[in-house]
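For reference, the structure discussed in these notes is given below.
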Amino acid sequence: MIMKKVDFRESDGWLDKFKNQLGISFLTIIREKLSCYVKVVDHFVRKFQEKIEELGLLPEQMYNTDKSSLFWGLLPTKTFVHQAEENAAGCKMSKDQIVFMPCSNASGTHKLGMLVIGEAAKPRAFKNQSLPVLYKSQSRGWVRQEVFTEWFHESFEPLIKTFLKKQNVPIKALLILENAPGHPNEEQVKSRDGLNE
(Lines give C-alpha, C1' and ligand atoms only; values in the text may rest on other atoms or scores of the structure.)
Protein backbone atom coordinates (compact mmCIF):
# COMPACT_ATOMS: atom_id res chain seq x y z
CA MET A 1 0.00 0.00 0.00
CA ILE A 2 1.42 3.35 -0.99
CA MET A 3 0.67 6.29 1.26
CA LYS A 4 0.56 9.78 -0.17
CA LYS A 5 2.30 12.54 1.70
CA VAL A 6 -0.33 14.90 3.03
CA ASP A 7 0.50 18.53 3.70
CA PHE A 8 -0.84 18.74 7.28
CA ARG A 9 -1.98 22.05 8.75
CA GLU A 10 -3.29 22.02 12.28
CA SER A 11 -5.88 24.45 13.58
CA ASP A 12 -7.68 25.09 16.85
CA GLY A 13 -10.79 23.50 15.41
CA TRP A 14 -8.87 20.38 14.39
CA LEU A 15 -7.28 20.11 17.84
CA ASP A 16 -10.64 20.55 19.60
CA LYS A 17 -12.24 17.82 17.43
CA PHE A 18 -9.24 15.53 18.05
CA LYS A 19 -9.49 15.98 21.85
CA ASN A 20 -13.28 15.44 21.81
CA GLN A 21 -12.95 12.32 19.68
CA LEU A 22 -10.43 10.76 22.09
CA GLY A 23 -12.15 12.06 25.24
CA ILE A 24 -9.20 14.23 26.30
CA SER A 25 -9.96 17.10 28.66
CA PHE A 26 -7.86 19.81 30.29
CA LEU A 27 -7.97 19.69 34.09
CA THR A 28 -6.33 21.52 36.95
CA ILE A 29 -3.93 19.27 38.85
CA ILE A 30 -5.17 18.58 42.38
CA ARG A 31 -2.09 18.75 44.56
CA GLU A 32 -3.01 16.42 47.39
CA LYS A 33 -4.78 13.69 45.43
CA LEU A 34 -1.60 11.67 44.86
CA SER A 35 -0.57 12.16 48.51
CA CYS A 36 -3.45 9.98 49.69
CA TYR A 37 -2.49 6.45 50.61
CA VAL A 38 -5.49 4.56 49.24
CA LYS A 39 -4.41 1.26 50.88
CA VAL A 40 -4.60 2.87 54.32
CA VAL A 41 -8.13 4.22 53.78
CA ASP A 42 -9.83 0.81 54.01
CA HIS A 43 -7.91 0.01 57.19
CA PHE A 44 -8.91 3.39 58.72
CA VAL A 45 -12.58 2.95 57.77
CA ARG A 46 -12.62 -0.52 59.38
CA LYS A 47 -10.92 0.71 62.60
CA PHE A 48 -13.21 3.75 62.72
CA GLN A 49 -16.31 1.57 62.39
CA GLU A 50 -15.01 -0.72 65.16
CA LYS A 51 -14.42 2.31 67.44
CA ILE A 52 -17.96 3.61 66.82
CA GLU A 53 -19.45 0.20 67.63
CA GLU A 54 -17.19 -0.24 70.70
CA LEU A 55 -18.26 3.13 72.12
CA GLY A 56 -21.88 2.79 70.95
CA LEU A 57 -21.87 6.24 69.35
CA LEU A 58 -24.66 7.95 67.43
CA PRO A 59 -23.97 10.50 64.66
CA GLU A 60 -24.88 13.24 67.18
CA GLN A 61 -21.88 12.17 69.29
CA MET A 62 -19.24 12.14 66.52
CA TYR A 63 -17.55 15.47 65.79
CA ASN A 64 -15.05 16.58 63.21
CA THR A 65 -12.97 19.73 63.01
CA ASP A 66 -10.37 20.92 60.56
CA LYS A 67 -8.67 24.20 59.92
CA SER A 68 -8.40 26.28 56.79
CA SER A 69 -6.79 29.58 55.87
CA LEU A 70 -8.29 32.74 54.46
CA PHE A 71 -5.71 34.98 52.77
CA TRP A 72 -7.72 38.15 53.24
CA GLY A 73 -5.13 40.49 51.69
CA LEU A 74 -4.49 38.42 48.57
CA LEU A 75 -5.18 40.23 45.31
CA PRO A 76 -6.28 38.51 42.11
CA THR A 77 -3.55 37.23 39.78
CA LYS A 78 -5.50 38.13 36.63
CA THR A 79 -7.27 41.31 35.57
CA PHE A 80 -8.89 42.90 32.54
CA VAL A 81 -6.83 45.53 30.70
CA HIS A 82 -7.14 47.43 27.45
CA GLN A 83 -5.74 45.60 24.46
CA ALA A 84 -3.08 48.30 24.03
CA GLU A 85 -1.54 47.33 27.40
CA GLU A 86 1.27 44.80 27.16
CA ASN A 87 1.17 43.76 30.82
CA ALA A 88 -0.65 44.45 34.05
CA ALA A 89 1.50 45.96 36.77
CA GLY A 90 1.26 44.28 40.14
CA CYS A 91 2.85 44.31 43.55
CA LYS A 92 4.22 41.79 46.02
CA MET A 93 1.53 39.31 47.05
CA SER A 94 0.26 39.69 50.61
CA LYS A 95 0.36 36.57 52.75
CA ASP A 96 -1.77 38.08 55.52
CA GLN A 97 -4.17 35.40 56.67
CA ILE A 98 -6.50 34.21 59.33
CA VAL A 99 -7.02 30.57 60.19
CA PHE A 100 -10.52 29.37 60.95
CA MET A 101 -11.62 26.08 62.42
CA PRO A 102 -15.26 25.01 62.12
CA CYS A 103 -16.57 22.03 64.09
CA SER A 104 -19.78 20.02 63.66
CA ASN A 105 -21.24 16.65 64.51
CA ALA A 106 -21.83 13.94 61.89
CA SER A 107 -25.59 14.48 61.81
CA GLY A 108 -25.17 18.23 61.21
CA THR A 109 -27.49 19.02 64.12
CA HIS A 110 -24.80 20.75 66.22
CA LYS A 111 -22.42 23.32 64.77
CA LEU A 112 -20.05 24.99 67.18
CA GLY A 113 -19.01 28.62 66.83
CA MET A 114 -15.91 28.94 64.73
CA LEU A 115 -12.43 29.35 66.20
CA VAL A 116 -10.63 32.13 64.32
CA ILE A 117 -6.91 32.76 64.74
CA GLY A 118 -5.18 35.90 63.55
CA GLU A 119 -1.86 37.59 64.22
CA ALA A 120 -3.18 40.74 65.91
CA ALA A 121 -3.87 40.45 69.64
CA LYS A 122 -6.50 43.25 69.52
CA PRO A 123 -7.54 43.98 65.92
CA ARG A 124 -8.81 47.55 65.51
CA ALA A 125 -11.64 46.31 63.29
CA PHE A 126 -13.05 44.36 66.25
CA LYS A 127 -13.02 47.31 68.64
CA ASN A 128 -16.35 47.55 70.49
CA GLN A 129 -17.70 44.62 68.47
CA SER A 130 -19.09 41.34 69.76
CA LEU A 131 -18.02 38.57 67.42
CA PRO A 132 -19.99 35.43 66.57
CA VAL A 133 -16.65 33.54 66.68
CA LEU A 134 -14.01 32.69 69.27
CA TYR A 135 -10.98 34.83 68.32
CA LYS A 136 -7.43 33.99 69.40
CA SER A 137 -4.12 35.51 68.34
CA GLN A 138 -0.85 33.80 67.51
CA SER A 139 2.13 34.64 65.39
CA ARG A 140 1.51 33.65 61.78
CA GLY A 141 -2.06 32.75 62.70
CA TRP A 142 -1.39 29.03 63.11
CA VAL A 143 -3.18 26.64 65.44
CA ARG A 144 -0.72 25.61 68.13
CA GLN A 145 -1.30 22.98 70.79
CA GLU A 146 -1.88 25.58 73.52
CA VAL A 147 -4.67 27.29 71.54
CA PHE A 148 -6.22 23.99 70.50
CA THR A 149 -6.14 22.62 74.07
CA GLU A 150 -7.70 25.83 75.40
CA TRP A 151 -10.43 25.64 72.71
CA PHE A 152 -11.05 21.96 73.54
CA HIS A 153 -11.48 22.49 77.29
CA GLU A 154 -13.15 25.92 77.36
CA SER A 155 -15.39 25.74 74.30
CA PHE A 156 -15.76 22.23 72.87
CA GLU A 157 -16.36 20.27 76.10
CA PRO A 158 -18.99 22.54 77.71
CA LEU A 159 -20.93 23.03 74.46
CA ILE A 160 -20.95 19.32 73.65
CA LYS A 161 -22.04 18.38 77.16
CA THR A 162 -24.92 20.88 77.07
CA PHE A 163 -26.02 19.72 73.60
CA LEU A 164 -25.93 16.01 74.46
CA LYS A 165 -27.93 16.61 77.65
CA LYS A 166 -30.63 18.45 75.66
CA GLN A 167 -30.72 15.58 73.15
CA ASN A 168 -31.04 13.06 76.00
CA VAL A 169 -28.04 11.18 74.63
CA PRO A 170 -25.23 9.64 76.76
CA ILE A 171 -22.58 12.23 77.61
CA LYS A 172 -19.73 10.93 75.47
CA ALA A 173 -18.31 12.14 72.18
CA LEU A 174 -15.60 11.38 69.66
CA LEU A 175 -13.64 14.24 68.07
CA ILE A 176 -11.96 13.36 64.78
CA LEU A 177 -8.84 15.35 63.88
CA GLU A 178 -6.21 15.28 61.21
CA ASN A 179 -2.68 14.34 62.24
CA ALA A 180 -1.19 17.84 62.49
CA PRO A 181 1.52 19.30 64.74
CA GLY A 182 -0.98 21.78 66.21
CA HIS A 183 -3.24 19.00 67.46
CA PRO A 184 -2.30 17.27 70.71
CA ASN A 185 -2.64 13.50 70.89
CA GLU A 186 -5.38 11.70 72.80
CA GLU A 187 -3.35 11.44 76.01
CA GLN A 188 -2.53 15.19 76.03
CA VAL A 189 -6.20 16.21 75.85
CA LYS A 190 -8.28 14.28 78.35
CA SER A 191 -11.73 15.53 79.19
CA ARG A 192 -11.99 17.64 82.33
CA ASP A 193 -15.73 18.13 82.00
CA GLY A 194 -17.10 14.61 82.37
CA LEU A 195 -17.05 13.83 78.65
CA ASN A 196 -16.00 10.18 78.26
CA GLU A 197 -13.98 10.54 75.04
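The values are calculated or read from the model by the stated rules, or taken from the named source; none is laboratory data. This structure is a prediction, so every number in the text was calculated from the model and none was measured. Note that each Cβ is placed from the backbone with ideal geometry, even for glycine, and that neighbours are counted across all protein chains shown.
The numbered conditions (1) within 17 Å of the chain's Cα centre (by Cα); (2) assigned to a loop (DSSP other than H, G, I, E, B) are all true for residue 80 except (1).
Return a yes/no flag: does the range 119-133 have any residue that is under 23 Å from residue 179 (Cα atoms) and at pLDDT 80 or above. No: the range 119-133 contains no residue that is under 23 Å from residue 179 (Cα atoms) and at pLDDT 80 or above. Any residue that is over 30 Å from residue 162 (Cα atoms) and out of contact with any helix residue (DSSP H, G or I) (no Cβ under 8 Å at 6 or more places or on another chain) - is there at least one of those in the range 95-114? Yes, the range 95-114 contains at least one residue that is over 30 Å from residue 162 (Cα atoms) and out of contact with any helix residue (DSSP H, G or I) (no Cβ under 8 Å at 6 or more places or on another chain). For residue 68, state whether it is among the small types (Gly, Ala, Ser), surrounded by fewer than 13 Cβ atoms within 10 Å (Cβ to Cβ) and farther than 24 Å from residue 169 by Cβ. So residue 68 fits the description; yes.
Please work out which residue is modelled with the highest pLDDT, limiting yourself to the range 89-101 and to residues that are closer than 29 Å to residue 61 by Cα and in contact with a Gly (Cβ under 9 Å, 6 or more places away or on another chain). If we take residues in the range 89-101 being closer than 29 Å to residue 61 by Cα and in contact with a Gly (Cβ under 9 Å, 6 or more places away or on another chain), then 99 is modelled with the highest pLDDT. When the range 105-149 is filtered for residues that are in a loop (DSSP other than H, G, I, E, B) and surrounded by fewer than 12 Cβ atoms within 10 Å (Cβ to Cβ), the ones remaining, listed by number, are 108, 109, 121, 122, 127, 128, 129, 130, 131, 132.
Let me confirm something: among 74, 57, which residue is part of a loop (DSSP other than H, G, I, E, B), over 20 Å from residue 179 (Cβ atoms) and at pLDDT 90 or above?
57
Taking every residue in the range 36-60 that is closer than 22 Å to residue 104 by Cα and pairing it with any residue that is among the polar types (S, T, N, Q) and not in a helix (DSSP H, G or I), at least 6 positions away or on another chain, the pairs with Cβ-Cβ distances below 8 Å are 55/196; 58/107; 59/105; 59/107; 60/105; 60/107; 60/109; 60/167.
Residues that are assigned to a helix (DSSP H, G or I), within 38 Å of the chain's Cα centre (by Cα) and modelled with pLDDT under 80 within the range 1-52 comprise 33, 34, 35, 38, 39, 40, listed in sequence order. Hey, does the range 89-101 have a residue that's part of a strand (DSSP E or B) and touching an Asp or Glu at 6+ places or on another chain (Cβ under 8 Å)? Yes, there is a match, as at least one residue in the range 89-101 is part of a strand (DSSP E or B) and touching an Asp or Glu at 6+ places or on another chain (Cβ under 8 Å). When 98, 171 are checked against the criterion of being of a type in the set (Val, Ile, Thr), touching a Phe, Trp or Tyr at 6+ places or on another chain (Cβ under 7 Å) and touching a residue at least 24 places away in the same chain (Cβ under 8 Å), 98 stands alone in meeting it.
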